[in-house]
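J.: My structure is below; once you've seen it, I'll send some questions.
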Amino acid sequence: MADGSLYAWWCCALGWALALVAADGFLVDITYVESAVAKGAVCLDGSAPAYHLARGSGSGENSWLVHFEGGGWCNNVTTCLQRKRTRLGSSKEMATQIAFSGILSDTPDDNPDFYNWNKVKVRYCDGSSFTGDVEEVDPATKLHYRGARIWQAVMDDLLAKGMDKAENALISGCSAGGLTSILHCDRFHDLLPPAARVKCLSDAGFFINEKDVAGVGYIAAFFNDVVTTHGSAKNLPPSCTSTLPPGTCFFPQNEVKQIQTPLFILNAAYDSWQVRNILVPGVADPHGKWHSCKHDIDQCSASQLRVLQGFRGDFLKEVAELGNSDSRGLFINSCFVHCQSEIQELWFSSDSPVLGNTTVANAVGDWFFDRSSFQKIDCPYPCDSTCHNRIYDDSSQA
């Protein structure tokens, strides 16, 4: 998997997800955090960070959902320069309105527990899951590695707009944003009033340290390069970096056990991004034997399915090794999909995926409000008939 093709996959995946969200969401204007620029809290290109805020009302007036956008990472100058010219590296390239859907929806029929909360979508323009902080700016590239500063600047802005009075707060995110919600979970909790109910949700952010089908540990090397390029080590939890190489602290399996704030892990055991980019990156399949399987899990051969079942087994092993925690939520289904909280048909609809007859929305809501715990793991593919398995076309081939 060349770095450029990984970046191209993210652009296609984001386009697909945004198209689905736009089909059934409501539009929310962008807010630029101009005051962050003076603090050096800027996107890769030096532009101001941004977010979209839909104000809460009624019983949700003092409740806050802060959701972090996904979009992969850049691991060197070349890939960061590619991002710099897009919405993943510059707020100048971001749409001034985006659609809120799923967990960000404003209607109780679509989002029963969080519809009237203050809902924020934080745009992603640093390429490090909001962990980078390098003071020096190369005059040749003019790249700014300032993700951690962006995170703090956005939090400061939201606190000034009423989040400092939050009674309930949930940090969430999809993919690289789901990793953000893990890496910043306790830090988010520490910003809020002591009496507030504060929890964290990671959607498709539980990336595992798995070798690819050629036996190469590509993702481990990639994450190590991300951490090195962005100077992320100092912003990763010391409980991890004090005992492990900083690059490995990007893997949630090395982070979650130390998190004190209640965390809900929402993930597909056959996460389509991880299958396509960690297990079977392009460089590990030079003759395209996995082409059809990576596009559509129903097209996998018996031998390929055995490999996928092995991946699922390794994924579940990492989840099990986190240990038991009554405060942790788990919704691990056996779908071929990546991100399930922002897309209405996956979050809460008449034919949404379910575990134990419970939708993702109901599972997260019950867990957040302590109505009941939820820790369920699906049976192996192809047992779950409620899945909306993703089928990729050639334009999204990594």
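The values are calculated or read from the model by the stated rules, or taken from the named source; none is laboratory data. In this text the structure is predicted, and so the values were computed from the model without any measurement. Cβ placement follows ideal geometry from the backbone for every residue including glycine, while neighbour counts extend to all protein chains displayed. These accessible areas exclude ligands, DNA and RNA; they are computed on the full protein's heavy atoms, side chains included. Shrake-Rupley method; radii C 1.70, N 1.55, O 1.52, S 1.80 Å.
J.: Among the candidates Asp133, Asp156, Asp164, which residue alone is over 24 Å from Phe369 (Cβ atoms), open to solvent by 10 Å² or more (accessible area, probe 1.4 Å) and free of Cβ contacts under 8 Å to residues at least 40 places away in the same chain?
T.: Asp156
J.: Another one. When residues of the stretch 347-364 are filtered for being buried (at least 21 other Cβ atoms within 10 Å of the Cβ), among the small types (Gly, Ala, Ser) and in contact with a Ser or Thr (Cβ under 6 Å, 6 or more places away or on another chain), how many remain?
T.: 0
J.: One residue is enough: does the stretch 37-57 have a residue meeting the conditions modelled with pLDDT of 50 or more, hydroxyl-bearing (Ser, Thr, Tyr), open to solvent by 50 Å² or more (accessible area, probe 1.4 Å) and touching a helix residue (DSSP H, G or I) at 6+ places or on another chain (Cβ under 8 Å)? Reasoning before the result, please.
T.: To start, the set of residues in the stretch 37-57 that are modelled with pLDDT of 50 or more comprises 37-57.
Subsequent filtering for residues that are hydroxyl-bearing (Ser, Thr, Tyr) retains 47, 51, 57.
Remaining after also requiring open to solvent by 50 Å² or more (accessible area, probe 1.4 Å): 57.
Next, only the ones that are touching a helix residue (DSSP H, G or I) at 6+ places or on another chain (Cβ under 8 Å) stay: none.
No: the stretch 37-57 contains no residue that is modelled with pLDDT of 50 or more, hydroxyl-bearing (Ser, Thr, Tyr), open to solvent by 50 Å² or more (accessible area, probe 1.4 Å) and touching a helix residue (DSSP H, G or I) at 6+ places or on another chain (Cβ under 8 Å).
J.: Pick out the one residue from Asp212, Asp190 that is more than 18 Å from Tyr51 (Cα to Cα), more than 17 Å from the chain's Cα centre (by Cα), of a type outside the set (Ser, Thr, Tyr) and not in a loop (DSSP other than H, G, I, E, B).
T.: Result of the check over Asp212, Asp190: Asp190.
J.: With the requirement that a residue be crowded, with 20+ Cβ neighbours inside 10 Å and in a helix (DSSP H, G or I), what does the stretch 215-238 give you?
T.: Correct list: Ile219, Phe222, Phe223, Val226, Val227, Thr229, His230, Asn235.
J.: Then there's this: Residue by residue through the stretch 236-294, note down the ones that are closer than 25 Å to Ile103 by Cα and of a type in the set (Ser, Thr, Tyr).
T.: Those that are closer than 25 Å to Ile103 by Cα and of a type in the set (Ser, Thr, Tyr): Thr261, Tyr270, Ser272.
J.: Taking only the stretch 276-292 into account, find how many residues are touching a residue at least 12 places away in the same chain (Cβ under 8 Å) and in contact with a helix residue (DSSP H, G or I) (Cβ under 7 Å, 6 or more places away or on another chain).
T.: 8
J.: Kindly list the number of the only condition in (1) within 16 Å of Trp347 (Cα to Cα); (2) in contact (Cβ under 8 Å) with a residue 24 or more places away in the chain; (3) outside any helix (DSSP H, G or I) that fails for Thr107.
T.: With (1) within 16 Å of Trp347 (Cα to Cα); (2) in contact (Cβ under 8 Å) with a residue 24 or more places away in the chain; (3) outside any helix (DSSP H, G or I) applied to Thr107, the lone miss is (2).
J.: Here is a further query. What residue, among those in the stretch 308-346 that are of a type in the set (Lys, Arg) and under 21 Å from Leu279 (Cβ atoms), is least open to solvent (accessible area, probe 1.4 Å)?
T.: Selected residue: Arg312.
J.: Name the residues in the stretch 136-153 that are basic (Lys, Arg) and surrounded by fewer than 24 Cβ atoms within 10 Å (Cβ to Cβ), would you?
T.: Selection gives Lys142, Arg149.
J.: Moving on. Mind checking which pairs have a first residue in the stretch 230-251 that is in contact (Cβ under 8 Å) with a residue 24 or more places away in the chain and a second that is of a type outside the set (Asp, Glu) and open to solvent by 60 Å² or more (accessible area, probe 1.4 Å), Cβ under 8 Å, 6 or more apart or different chains?
T.: Hits for this filter: Pro237/Gln258; Gly247/Asn224; Gly247/Thr228; Thr248/Asn209; Thr248/Asn224; Phe251/Asn209.
J.: Here's something else I'd like to know. Going by the structure shown, is Ile259 surrounded by 14 or more Cβ atoms within 10 Å (Cβ to Cβ) and touching a residue at least 60 places away in the same chain (Cβ under 8 Å)?
T.: Yes.
J.: Okay, moving on. Cβ-Cβ below 9 Å, separation at least six or inter-chain, first residue in the stretch 375-392 and without any contact (Cβ under 8 Å) to a residue 60 or more places away in the chain and closer than 18 Å to Val319 by Cβ, second basic (Lys, Arg) and surrounded by 15 or more Cβ atoms within 10 Å (Cβ to Cβ): which pairs?
T.: Gln375/Arg328
J.: Report yes if Gly147 is touching a residue at least 40 places away in the same chain (Cβ under 8 Å) and under 25 Å from Gly40 (Cβ atoms), otherwise no.
T.: Yes: the conditions hold for Gly147.
J.: Something else now. Across the stretch 52-101, what is the total count of residues that are part of a strand (DSSP E or B) and of a type in the set (A, V, I, L, M, F, W, C)?
T.: Residues that pass the stated criteria total 9.
J.: Which of the residues belonging to the stretch 139-181 are of a type in the set (D, E, K, R) and either within 25 Å of Ala361 (Cβ to Cβ) or assigned to a helix (DSSP H, G or I) (or both)?
T.: Arg149, Asp156, Asp157, Asp164, Lys165, Glu167
J.: Next question. Could you please let me know if Val337 is among the aliphatic types (A, V, I, L, M) and within 24 Å of Gln253 (Cβ to Cβ)?
T.: The answer is yes for Val337.
J.: Could I ask something else about it? Please specify each residue of the stretch 293-305 satisfying the condition of being part of a helix (DSSP H, G or I) and surrounded by 14 or more Cβ atoms within 10 Å (Cβ to Cβ).
T.: Correct list: Cys293, Lys294, His295, Ile297, Gln304, Leu305.
Yes/no matrix, rows are residues, columns are (1) part of a helix (DSSP H, G or I); (2) of a type in the set (A, V, I, L, M):
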| site | (1), (2) |
| --- | --- |
| Val307 | yes, yes |
| Asn324 | no, no |
| Glu345 | yes, no |
| Ala363 | yes, yes |
